[in-house]
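Only one structure is covered here, and it is reproduced in the block below.
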């Protein structure tokens, strides 16, 4: 059965999709309701009782869907435009990715408010563990069979489930905050780690294990991140990552901001990625709005995104080597980052968080002299990268500390949802800029750097090579920047060019409405995945025909990357853990959102 959401323009054709056909043949057409959306992949509603069988079929089919890319939920109770869809108070959705097929599929399960329970999929996809904990934490959906269903982003003492529509969204909607001595003791007790609750023993036959807190205030934790280590001497018997200290409710904010005013919030997710964070969000909005962006705007976006990729990778490289014990490199890489920021500031007017991309284009056209500044940076960096490689990556001590350390295979990476440079370090050639080009990447000539061992060394080396390829892309932008407008001539972009606004009353009216209300987007769903600085980042947006998103789902790469830590560190040593943390390249805002 197939249904179309209102105003759909890209209905999924079940007859033409081989994966959907295979599912229909195995389970029968009545087992699914196909929803047509702007997401760009088949979206199938499946009965809760059939969910695990369907997931297993997709997991084990030829060219399998071997990555659980995302798992989250939506509170449907206030959504007005659901014509033709199954009755649902809450919806749990699963996005599966097949690297070999280079395609995705989304499954949805409808739940009644009185029966919020779904079978756990951890036995099929190990990285479902954290995603299911997040859905329980945010929505109150129970996953039957989950090994340890506890809060993950909110404090253990939190009352309620924040992403439900009836949960308060603003501080002014809460009672004034007070903390008594008794309350403080309760909060401190809640933070105490209980090994038995995690299935850990306190000792072996001949010795007791030590339990050590690494973080949340430790330089090697790269932010407010705690990992509890179960140690026997220097050996890590087991460990438990603990996140949520940096959670700011970015998805909840998406329900209270207009489509335009939410753009600055995206900058703060991966706060080293700058405009790279804007890109998947605005591309998803443009799908909903039906906006086609000019070639000039697309090229400007690519140029600035790649400049921020270099900026982010430089931060990674300096701190990565600092975690290995080298103090000097971080000063050199920050010198280079300053040069990048000078170009960014000259073009956007800001540095770390420009929030410069706009729905339909960018905020302003490139200023005079931009090409000279950008060319100066492009000319500066190659010799610096060669120096980093010679003095650091070829250093015998660095190689000894990183070669064959915390290595994992492509299969293990996909099993845990690893993407980006950390996946490509295993030799897996999967880069969305090549596999699924967006924003005009198909027009650029560049290579995808790959590793071979998937170890700490390869994760560092791949990023150095990626910076070289980013410089290559930027050079092509300088040489072939298209003429034309920097934003689309579309009523849903804002604000319209000022010269037109002063000449045409219709444009003036549009300007007034877009600034005061923001655009109204027709009901539908869209999603955009991009190759961000730390891996694949995506925004999945649901419009209910309003001036703001009904549901904003942000899938970040760092969240699954941290979840993988125990699987690769059991039996390892504490110094190797520090090296591994440095090689992941994460920031906690990208994890906690």
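Taking 7 Å steps out from each Cα toward its Cβ at residue 434 and residue 386 produces label points 2.5 nm apart.
How far, in nm, would the chain grow between residue 489 and residue 194 when pulled straight, counting 0.36 nm per residue and subtracting the alpha carbon separation?
Working: separation 295, 0.36 × 295 = 106.20 nm, distance 5.87 nm.
Fully extending the segment from residue 489 to residue 194 adds 100.3 nm.
Neighbouring Cβ atoms within 10 Å as the yardstick, rank 172, 74, 507 fewest first.
Numbers: 172 6, 74 21, 507 18.
If I rank by nearby Cβ atoms, fewest first, I get 172, 507, 74.
What does the highest-first list of 540-549, 191-200 look like by mean Cβ count within 10 Å?
Values: 540-549: 21.9, 191-200: 11.6.
Ranked by mean Cβ neighbours within 10 Å, highest first: 540-549, 191-200.
The calculated pair-distance distribution of the stretch 517-575 uses every alpha carbon pair, bins of 10 angstrom beginning at 0, and gives 20, 31, 24, 14, 8, 3 percent.
Taking the fewest neighbouring Cβ atoms within 10 Å as the starting point, the ordered list for 282, 505 is 505, 282. Peptides 35-44, 118-127, ordered by how many other C-beta atoms sit within 10 Å of their residues on average, highest first, read 35-44, 118-127. Considering only beta bridges that DSSP places wholly inside the chain, some 85 percent are antiparallel.
Rounded to the nearest 500, what is the chain's calculated 222 nm mean residue ellipticity when only DSSP H runs of at least 4 contribute -39500 (n - 2.57) each, over all residues?
Roughly -11000 deg cm²/dmol at 222 nm, from the helical runs in the chain.
Sorting check: for 346-358, 419-431, 371-383, which peptide has the highest mean count of neighbouring beta carbons within 10 Å, and how do the rest follow?
Packing order, densest peptide first, comes out as 419-431, 346-358, 371-383.
For the chain, what does the relative contact order come out to in percent, with C-alpha contacts under 8 Å and a separation of six or more?
Working: 1119 pairs, mean separation 100.2, N = 593.
For the chain, the relative contact order is 17 percent.
Taking other C-beta atoms within 10 angstrom as a stand-in for reagent exposure, 301, 337 fall in the order 337, 301, fewest first.
Shape class of the stretch 2-121 from the Cα gyration tensor (axes a ≥ b ≥ c, square roots of the eigenvalues): oblate, since a/c reaches 1.5 or more and a/b does not exceed b/c. Distance from the C-alpha centroid of the stretch 88-130 to that of the stretch 134-203: 22 Å, rounded to the whole angstrom.
Under 1.5 on a/c is rounded, so check that first for the stretch 262-301, then, if it is not, pick prolate when a/b is larger than b/c and oblate when it is not; a ≥ b ≥ c are the square roots of the alpha carbon gyration tensor eigenvalues. Could the numbers behind the result be given before it?
Values: a/c = 3.37, a/b = 1.50, b/c = 2.24.
In terms of gyration-tensor shape, oblate.
Laboratory data are not the source of any read-out in this text; all were calculated from the coordinates shown. Quick caveat: nothing in here was measured; it's all calculated off a predicted structure. Reconstructed Cβ throughout: ideal geometry from the backbone, glycine too, with neighbour counts over all protein chains shown.
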